[in-house]
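Asker: Sending over a structure as structure tokens; questions will come in a sec.
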Amino acid sequence: MAFVLNVPEISEDHDREPSPYDENEVHDSFHQLIQEQSQWAELQLRELGAGAPGTSDRGRQAPLGPEDAAAPSTATLRILASMPSRTIGRSRGAIISQYYNRTVQLRRRVTRPQLGGAGRSARPSLRLYDLELDPAALEEEEKRSLLVKELQGLTVAQRDHMLRRMPLGLAEKRCLRSVPLGPRCLHTHSLGPAGWGQLGGRCEGPLAAGGCPEGDGGDWVHPPSNCDVVSAPREESRTLTGKHRGGRGQRGLFPCCGQLRDTCVLVLHSLGLGLLAGLHRLMPWHYALKRIGGQFGSSVLSYFLFLKTLLAFNALLLLPVLAFVVGVQAAFPPPASLGSVPAFTGLELLTGGGRFTHSVLYYGYYSNSTLNQPCAPPDGGQCGPESPSLPYNMPLAYLLTVGVAFFVTCVTLVYSMSRSFGESYRVGSASGVHAVTVFCTWDHKVTQKRASRLQHDHIRTHLKELLAEWQLRQGPRSACGRLRQVAALGLVWLLCLATTLGCTVAVYAFSELMIKSPVSADQEGALLALPAVVCLLNLGAPYLYRCLATLEHHDSPVLEVYVAVCRNLILKMVILGVLCYHWLGRRVGALRDQCWENFVGQELYRLTVLDFIFVLLDTLFGELVWRLISERKLKRREKPEFDIAGNVLELIYGQTLTWLGVLFAPLLPAIQIIKLLLVFYVKKASLMANCQAPRRPWLASHMSTVFISLLCFPSFLGAAVFLCYAVWQVKPSSTCGPFRTLDTMYEAGKVWVRRLEKAGPSVSWLPWVHRYLVENTFPVYLVSALLLAVIYLNIQVVKGQRKVICLLREQISNEGEDKVFLINKLHSVYERKERSRVGRTQEAERLGDHPGAC
Amino acid sequence: MGNKQTVFTHEQLEEYQDNPFRQRIARVFSDDGDGHMTLDNFLDMFSVMSEMAPRDLKAYYAFKIYDFNDDGYICVWDLGQTVTKLTRGELSAEEVSLVCEKVLDEADGDHDGRLSLEDFQNVILRAPDFLSTFHIRI
């Protein structure tokens, strides 16, 4: 269906419809183009007019030469300029950015008077600009008041959020932020050459007499301070403007009060700044992290940030345990145990036994009775005046504290994991790897020359790899090559799993050996054998995996890292699983009459300490010695790379040990905190001295998400399962600990609930809750069903969002095609009009020159 | 700036000037567009490049930094300049143009041959790393 575009002829002099071009609100790019085109068109017309009639044909052709087939005519450009996407009313962002440009232009035109040069004796009017004479300023004031009105309509939080997103200067934002005024205050405010400085400033004239709403009174006190302190060099011009504008009488009446207030405000402000700076300095390792980030980039920094997160988790675990379990028991020590206390030898620091066995460090020390029991007088007489009145049920406290600490850790982990996921994964993000590499990979944190050269190299290599990959994909892929690749992959995985199995069997066999040949009290050093074997395997197997991984070839280097992490993780988790079975399955039976919980606690202590020692050895040999060898013997200038994945897995492994052991050794989180602090300093020193940044591209934020989710899923979940099994199913030993007389640890809770039932009807809701909600299985099923329903709903929502994003993308590209089509159509229509007009003009001229001709 | 000393030698200052976009950053954040920053401009720059600046604000300023000819769009020439600066001129001209072509393929939503602010923001959305790389620690 053909249609005729009936466009009225638009001459250069007048437009029928008001185009935004007239209001100077056209986008900059069009402005320039329109000017060029109009000049060119004028030139062409002049040439055509001056040309001889004989050359009319050529003249007619001139404007239609091949070179301007592509250049749109002036009229087309005008129409394009009136497109909604180019005009100011498009979006708030466009308004504000256009507005910001104009502010900058205004500031460029209006130069600030030199206060030093003019001298204090010069009359104020010499130093002042009267804005009312400047027409452009009025428009701007309107725009500003519009913006301020908009801001006033929002809540404080929304205003804050919007101000943060505005690409305006800091000074303007500060004053905008302090605007609490009602609409009346705005109109009489003058905006001096200092710009915004006045808006949050004093209320002059009739308003000072109480016209301003004091609704948010606190805010009203605030604004003068902000604008005062911020624009200190502008203060003089502003106050002078204020005097000039009116309300001079007001200021003249209370000069001393104003000065006092100013001084107070200044003092408070500088105090606040000092406090902020002090707080900033208090943040641990701030400078160290900055140096690491500057020298090695964001990916190595993510390891140290993860270490900091783990410290926080350990502190979260330690505080309740310290307050409710360890502290109380230390205040009320149990009666001295039979037998002499062994002397302190240095070995205890490694084995955790000996002197440390009967201390707050282990489960066995804690009493199973109510501490601080009110005295029961034997003859019905009175108790002494110093008799205590706050009984403390130790078994219940022990169980509840550990349970609540785990629950809080779980909630925190899940929350930080979901927030991390939200930041790093977006719905509908297709691959845009080239654009992302060009725009988002340069790390502005890096400040060292060597490190930034590394960045340059890495980006160049990455781009070359991408191009090579793309070219390879263009070419056909041979089935033989793919088969070879898959076979190599399968073989390497098989070998790695075989290694893991071998390590597991070795640990199991060794643990059985340890059970069969029990260790006597004076051979405690032999207890270190099993932990040493475990740590050796944990250290050696990853190197083997790295050697095997050179046989296989992955498409993307990020996949290589994920595969390496996966293999290491499987090894560590399987070994820990075997150890857990060894403790809860075999040791409980073997140590039936002794304190098996103490033994398990000591084993975990030994594992933690030996893990720390092996980490130190690994740092020493893996990094320092390797660097010395590669520099001296092999004469290579490259330093070894910092293995981020391996180190992070070490941290996760250590944290799992802590979580496994907190039930049996309540002070284990404190030891883990000390270990993490030392590891931080050792790793930092080794990094600075021996390593270089990894050469492979690292997606730092994806990686931190992966770390946190690895911490949550295999690590914390496994520890929680272990804890639940130990609490619900295993019979505690009968000679030590707070649960010695019970069948399971959980019974302590049941006993307490039964006691509450007997206590009276006032707390009967708690036993009821316990019987019908906790012990009954139906609520558990209900809650799980609800959880599954919520998860399913979320998955469907995400699917729907993905579909919508695809549709919208298609729509955008369709709109683009439509635009191109319309522009071409417009251009052809105007060309035809131009041609016919030029033809008519030439005809008219010819008739004018030769009036006789017909 | 990163050391606890107050007087810097020339070599130390040189070490801090390795950002390939340093001139563009200075130009974008200065009042008069020629790279001379006042204290407020300096604070603006660090405020935008701090941890707390929202993503859209950072995207807006990153767009201005990559827009070398200041025409409000990132065209092919701007992209070529960016890639050359990123790789210190070590890619051949053909490779640079290939990269620019692929970037436009991936990012240009309305197919007009150049990237507008919206296209650029779309690219940024796909790269959660942007918040951590477009960041200077003080």
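The values are calculated or read from the model by the stated rules, or taken from the named source; none is laboratory data. On a predicted model such as this, the values are computed, not experimentally measured, just so you know. Every residue, glycine as well, gets a Cβ built from its backbone with ideal geometry; the counts of neighbours run over all protein chains shown. What goes into the accessible areas is simple: the full protein's heavy atoms, side chains included, and nothing from ligands, DNA or RNA. Shrake-Rupley method; radii C 1.70, N 1.55, O 1.52, S 1.80 Å.
Asker: Of all residues in the range B:85-95, which are without any contact (Cβ under 8 Å) to a residue 12 or more places away in the chain and either surrounded by 18 or more Cβ atoms within 10 Å (Cβ to Cβ) or more than 7 Å from chain A (Cβ to nearest Cβ) (or both)?
Answerer: Looking only at the range B:85-95, we keep the residues that are without any contact (Cβ under 8 Å) to a residue 12 or more places away in the chain, and these are B:87, B:89-95.
Selection gives B:T87, B:G89, B:L91, B:S92, B:A93, B:E94.
Asker: Those residues that are at pLDDT 90 or above and either facing another protein chain (nearest Cβ under 8 Å) or open to solvent by 50 Å² or more (accessible area, probe 1.4 Å) (or both), I need them from the range B:65-84; list them, please.
Answerer: B:Y66, B:V76, B:W77, B:L79, B:Q81, B:T82, B:V83, B:T84
Asker: Could you go through the range A:476-483 and let me know if any residue there is within 40 Å of the chain's Cα centre (by Cα), at pLDDT below 90 and part of a helix (DSSP H, G or I).
Answerer: Within the range A:476-483, one or more residues are within 40 Å of the chain's Cα centre (by Cα), at pLDDT below 90 and part of a helix (DSSP H, G or I).
Asker: Does A:F664 satisfy being more than 27 Å from the chain's Cα centre (by Cα), part of a loop (DSSP other than H, G, I, E, B) and surrounded by 18 or more Cβ atoms within 10 Å (Cβ to Cβ)? Show your work before the answer.
Answerer: Values: more than 27 Å from the chain's Cα centre (by Cα): yes; part of a loop (DSSP other than H, G, I, E, B): yes; surrounded by 18 or more Cβ atoms within 10 Å (Cβ to Cβ): yes.
Considered against the rule, which asks whether it is more than 27 Å from the chain's Cα centre (by Cα), part of a loop (DSSP other than H, G, I, E, B) and surrounded by 18 or more Cβ atoms within 10 Å (Cβ to Cβ), A:F664 comes out as yes.
Asker: Here are A:K833, A:K803, A:K825: which of them is away from every other protein chain (no Cβ under 14 Å), in a helix (DSSP H, G or I) and within 40 Å of the chain's Cα centre (by Cα)?
Answerer: Numbers: A:K833 fails: within 40 Å of the chain's Cα centre (by Cα); A:K825 fails: within 40 Å of the chain's Cα centre (by Cα).
Criteria check complete, one pass: A:K803.
Asker: For the range A:442-454, give me each residue that is buried (at least 20 other Cβ atoms within 10 Å of the Cβ) and either in contact with a strand residue (DSSP E or B) (Cβ under 7 Å, 6 or more places away or on another chain) or in contact (Cβ under 8 Å) with a residue 60 or more places away in the chain (or both). Before the answer, list the steps.
Answerer: Step one: of the range A:442-454, the residues buried (at least 20 other Cβ atoms within 10 Å of the Cβ) are A:442-443, A:445-447, A:451-452.
Answer for the range A:442-454, where residues must be buried (at least 20 other Cβ atoms within 10 Å of the Cβ) and either in contact with a strand residue (DSSP E or B) (Cβ under 7 Å, 6 or more places away or on another chain) or in contact (Cβ under 8 Å) with a residue 60 or more places away in the chain (or both): A:D443, A:K445, A:V446, A:T447, A:A451.
Asker: Among residues belonging to the range A:306-334 that are among the aromatic types (F, W, Y) and part of a helix (DSSP H, G or I), point out the one that is most open to solvent (accessible area, probe 1.4 Å).
Answerer: Filtering the range A:306-334 down to residues among the aromatic types (F, W, Y) leaves A:306, A:313, A:324, A:332.
From the residues that got through so far, the ones that are part of a helix (DSSP H, G or I) too are A:306, A:313, A:324.
On the way: A:F306: 11, A:F313: 10, A:F324: 110 Å².
Ranking the qualifying residues of the range A:306-334, first place goes to A:F324.
Asker: Do you know which of the residues in the range B:108-138 that are open to solvent by less than 20 Å² (accessible area, probe 1.4 Å) and in a helix (DSSP H, G or I) is farthest from the other protein chains (Cβ to nearest Cβ)?
Answerer: If we take residues in the range B:108-138 being open to solvent by less than 20 Å² (accessible area, probe 1.4 Å) and in a helix (DSSP H, G or I), then B:D119 is farthest from the other protein chains (Cβ to nearest Cβ).
Asker: Checking the condition without any contact (Cβ under 8 Å) to a residue 12 or more places away in the chain and either of a type in the set (A, V, I, L, M) or within 22 Å of A:Y425 (Cβ to Cβ) (or both), which residue from A:V790, A:V798 passes? Walk me through it before giving the result.
Answerer: Values: A:V798 fails: without any contact (Cβ under 8 Å) to a residue 12 or more places away in the chain.
The conditions single out A:V790.
Asker: Can B:L98 be described as at the interface with chain A (Cβ under 8 Å from one of its Cβ atoms), open to solvent by 20 Å² or more (accessible area, probe 1.4 Å) and closer than 22 Å to A:D443 by Cα?
Answerer: On the way: at the interface with chain A (Cβ under 8 Å from one of its Cβ atoms): yes; open to solvent by 20 Å² or more (accessible area, probe 1.4 Å): yes; closer than 22 Å to A:D443 by Cα: no.
Criteria not met by B:L98.
Asker: Please go through the range A:373-418 and give me each residue that is among the polar types (S, T, N, Q), over 28 Å from A:Y363 (Cβ atoms) and modelled with pLDDT under 85, ordered by number.
Answerer: Start the filter on the range A:373-418 by keeping residues that are among the polar types (S, T, N, Q), which leaves A:373, A:382, A:387, A:389, A:393, A:401, A:409, A:412, A:416, A:418.
Then drop every residue that is not over 28 Å from A:Y363 (Cβ atoms), which leaves A:382, A:387, A:389, A:416, A:418.
Scanning the range A:373-418 gives A:Q382, A:S387, A:S389.
Asker: Here's a follow-up. Any chance the range B:19-40 includes a residue that's closer than 21 Å to A:E172 by Cβ, touching a Lys or Arg at 6+ places or on another chain (Cβ under 8 Å) and modelled with pLDDT of 85 or more?
Answerer: Yes, that holds for at least one residue.
Asker: Checking A:Q594 against (1) open to solvent by 30 Å² or more (accessible area, probe 1.4 Å); (2) touching a helix residue (DSSP H, G or I) at 6+ places or on another chain (Cβ under 6 Å); (3) polar (S, T, N, Q), only one condition comes out false. Which one?
Answerer: Here A:Q594 clears every test but (2).
For (1) modelled with pLDDT of 80 or more; (2) more than 23 Å from A:C535 (Cβ to Cβ); (3) of a type in the set (K, R); (4) open to solvent by 30 Å² or more (accessible area, probe 1.4 Å), each residue gets a yes or a no:
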site	(1), (2), (3), (4)
A:I575	yes, no, no, no
A:N598	yes, no, no, no
A:D618	yes, no, no, yes
A:E623	no, no, no, no
A:R636	no, yes, yes, yes
A:D643	yes, no, no, yes
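Asker: Within the range A:294-305, can one find any residue that is within 14 Å of chain B (Cβ to nearest Cβ), under 19 Å from the mean Cα position of the chain (by Cα), outside any helix (DSSP H, G or I) and over 26 Å from A:T409 (Cα atoms)?
Answerer: Yes; the residues of the range A:294-305 include at least one that is within 14 Å of chain B (Cβ to nearest Cβ), under 19 Å from the mean Cα position of the chain (by Cα), outside any helix (DSSP H, G or I) and over 26 Å from A:T409 (Cα atoms).
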